[in-house]
Each structure stands twice: as C-alpha cells, then as structure tokens.
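Dumping the structure here so I can ask a few things about it.
The values are calculated or read from the model by the stated rules, or taken from the named source; none is laboratory data. Nothing here was measured: the structure is a model prediction, and the numbers come from that model. Here the Cβ is made from the backbone with ideal geometry for all residues, glycine too, and neighbour counts use every protein chain on show. Protein only, heavy atoms only, side chains kept; ligands, DNA and RNA dropped before computing areas. Shrake-Rupley method; radii C 1.70, N 1.55, O 1.52, S 1.80 Å.
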Amino acid sequence: MSASQGGSGGTGASPQLDSERGFIPRERDDSQFESVPCNLCGTDGFEVVIPSTRERGRPVDLATVFRSSGDEPLQDQMVRCVSCGLHYVRPRLRWDLILEGYRGGTDESFVSQVTMRERTFRRGLEQIEAAAPPPGRRVLDVGAAGGSFLAVARERGYEPLGCEPSGWMCAFAREHYGLELHPGTIFDMPVPPGSVDLLTLWDVIEHTPDPKAVLERAHRLLAPGGVLAMSYPDYGSLIARAMGRRWVFCLTVHLYYFDPRTMGEMLRRTGFSPLRFRPHLQTLELGYVARRAAPYLGPLGGLATGGVALARLEHVPLRYWVGQTLVVARKQ
C-alpha cells in the first residue's frame with residue numbers, strides 16, 4: 001500500500017500567513033514523518049485540533065506500537081480539514097515504517113480473545129445480511145488479523161478470502177482456523193476485479209494511509225451489487241466528544257478520525273451507496289477490557305483490574321460500546 005502524497009501548502013519549511021488562522025507553525029522535518037493533504041477533498045488547509053506530544057528524536061518501537069492490540073495514546077498532531085471537516089493525523093509516520101511495524105512482532109494479547117471476537121462477528125454478519133444481503137457467498141476480509149471473522153463467515157457458508165500484513169497473524173489463522181491468509185494488503189490481494197460479493201474492513205480503515213484508495217480498490221474487487229461493511233471509531237459519537245483527547249480510540253495507530261458525515265461522503269465519492277450506520281458493540285473478556293482501559297482511568301485503573309481479578313471475573317464476557325460504528329454500503 002503506497003502512502004498518499006501531497007504538497008505541504010501552508011505548512012512548509014517556514015511559517016506563512018493564513019488569513020483566518022494567523023501564522024502557521026512549522027511542521028517537524030523529521031525524515032521519519034510525512035505530511036499529506038486531506039484524503040477526502042484534497043485540500044491542504046487545516047486547523048490543529050490536538051497538538052503533538054511526541055518527543056523529538058525518541059525512537060518508535062514499531063512492532064509494539066503498530067500491532068492489532070496497539071493502544072499507545074495518540075502522540076501526533078490531529079488536524080481538521082478547513083474545507084470538508086475530516087479529522088486526520090498530520091504530520092504522521094511514513095507508511096513504509098508503519099507497515100514494517102504491522103508486519104513484524106507478535107500479539108498474543110489480541111488472539112487471547114478470539115472466542116469473544118467470534119461472538120462479535122456473528123452478530124456483525126447477521127446485521128450486514130439484514131441491511132444488504134450480498135449477491136453471492138464469496139467474502140474478502142481486509143486486515144483479517146487472526147482470522148476470526150472469516151471463520152465465522154465460513155460457518156455460514158461463505159467462501160473465505162483474507163489478507164493481513166502480519167506474518168505472525170497469518171500463521172495463527174492457519175494453525176488455529178485452517179485459513180490461508182494472503183500476507184499483504186488489499187492492493188496485492190490476488191483476486192480478479194468483480195469477483196467478491198462481500199468485502200469487510202473491521203477496525204481497519206482508520207489505520208490506512210489512503211482510505212480513499214482502499215475504498216476505490218474495494219469497489220473494483222466487488223461484484224455488481226456487492227456489499228461493503230466497515231467498523232470504525234466514530235469521532236462524532238457522544239462519548240468521543242465528551243472524552244476529547246482521552247477517548248480510548250485517540251491512538252497512535254489511528255491516522256483518520258471519521259464521523260458519519262465524512263464517512264458517508266467518502267463512500268459516495270468512491271462509488272458506494274451507504275445503507276446503514278449503527279453502533280458496533282463488541283464482546284471481550286472483562287479482564288481484558290479492564291487492562292486496556294486502565295491507562296485511561298488514572299488511579300482507578302489499578303483498582304479496576306485488581307478488583308476484577310480478586311472477584312474472579314476476568315473471563316466474564318462483556319458486551320460494550322465506546323463509540324464504534326458499523327456502516328454497510330452497496331456498490332453502485
């Protein structure tokens with residue numbers, strides 16, 4: 001997957017005057033970083049929503065940060081496009097470095113929850129079929145992680161196809177589910193155009209460097225009347241607005257922050273008709289959720305995890321929602 005490229009416009013090497021915002025600060029010139037225009041409308045102008053807290057010169061542990069369960073709070077600057085309102089990270093780590101992180105390392109924490117994830121995906125697949133029945137039974141899961149969704153789809157009679165950058169995750173899917181995932185991205189997935197009936201991106205689109213290109217590629221791979229389904233953290237949700245920077249999905253691994261308006265517009269511009277937006281509830285073990293939430297709870301974090309362990313509730317299934325949305329769309 002190639003990183004989206006664009007000029008620096010009003011954020012070049014030296015400060016320039018903007019009629020609405022005064023002087024624009026210099027962007028960092030670290031060679032590990034790149035600056036891109038808005039992925040939705042192509043406009044270069046932006047306003048800062050969340051300033052960067054990244055320490056200049058501090059090395060990034062790519063394999064740890066960019067993994068399926070990566071939960072490092074957002075270190076980089078979040079901006080808002082002054083033209084269309086899309087929120088995104090700018091400047092950001094170069095995509096080749098991010099992809100290197102996704103390809104390497106292991107993630108035992110993520111796959112410890114595969115049974116719970118299967119519960120989530122069974123509900124999700126039922127919701128997709130209720131909103132827009134696919135024209136056939138061939139499904140492609142992009143960013144398939146350990147293969148849990150494809151295993152569930154196979155149970156329901158789908159022919160499973162998947163791609164996943166992480167070699168370790170591909171090996172897990174093979175050993176645990178007997179699934180052969182393509183070790184790469186949607187752009188090198190070896191399937192002919194028009195051959196997929198259902199294409200899914202579960203918590204993936206916000207990680208990609210060029211969501212528009214991903215959706216354009218998805219459109220080409222889908223058969224006439226094919227269905228696209230995506231879950232993503234909804235920056236317009238009430239909980240996201242209430243928590244601000246402390247929202248649990250303000251993470252270094254997330255490059256884009258969509259709301260239903262910007263997501264709907266992105267889908268329409270790439271040839272899709274959005275059919276349904278609805279909250280996406282997930283099921284995970286209570287102990288796992290408590291550990292992931294602890295950094296956001298301050299002094300209460302240790303009490304929460306300790307209390308769950310003391311009460312022997314670590315493996316109790318918890319169905320929860322903290323701002324995720326499921327969108328179902330059909331190829332036009």
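Carbon and sulfur: what percent of the range 148-248's accessible surface (1.4 Å probe)?
Summing carbon and sulfur atoms, their accessible area is 56 percent of the total for the range 148-248.
Give, rounded to the nearest 20 debye, the magnitude of the charge dipole that the range 194-236 has about its Cα centre when Lys and Arg contribute +1 at Cβ and Asp and Glu contribute -1 at Cβ.
The dipole of the range 194-236 has a size of about 200 debye.
If ligands, DNA and RNA are left out, what is the accessible area of L238 with a 1.4 Å probe, given in Å² to the nearest 10?
Surface accessible to solvent at L238 totals approximately 120 Å².
With both partners inside the chain, how many of the DSSP beta bridges are antiparallel, as a percent to the nearest 5?
70
Ordered by residue, what ³J(HN,Hα) values in Hz, to whole numbers, does the range 122-130 give under the Karplus form 6.51 cos²θ - 1.76 cosθ + 1.60, where θ = phi - 60° and Gly and Pro are x?
Result, ordered by residue: 5, 5, x, 5, 4, 5, 5, 5, 5 Hz.
Would you report the distance distribution of C-alpha pairs in the range 167-243 as whole percents per 10 angstrom bin, up to the bin with the largest distance?
16, 38, 32, 12, 1
On to the next question. Taking all pairs of distinct Cα atoms, average 1/r, flip it, and tell me the Kirkwood hydrodynamic radius of the chain in Å to one decimal place.
This gives a value of 20.6 Å.
Isolated Cys in the chain by the 4.7 Å beta carbon test?
So far as the 4.7 Å Cβ criterion goes, C163, C170, C250 stand without a partner in the chain.
Assuming R0 = 35 Å, what is the FRET efficiency of R319 and R137, from their Cβ-Cβ distance, to the nearest 0.05?
For R0 = 35 Å, the calculated efficiency reads 0.80.
Sort 152-160, 315-323 for me by packing, meaning the mean count of neighbouring Cβ atoms within 10 Å per residue, highest on top.
152-160, 315-323
Tell me, what is the per residue accessible area of the chain in Å², probe radius 1.4 Å?
Spelled out: the 1.4 Å probe surface of the chain, per residue, equals 43 Å².
Also, I was wondering about something else. Divide the volume of the convex hull of the Cα atoms of the range 117-186 by its number of residues and quote the answer in cubic angstrom per residue.
Hull volume normalised by residue count: 78 Å³.
Within the range 99-143, what whole-number % of the accessible surface is contributed by carbon and sulfur, with the 1.4 Å probe and all protein chains included in the calculation?
On the range 99-143, the fraction of accessible area on carbon and sulfur atoms equals 49 percent.
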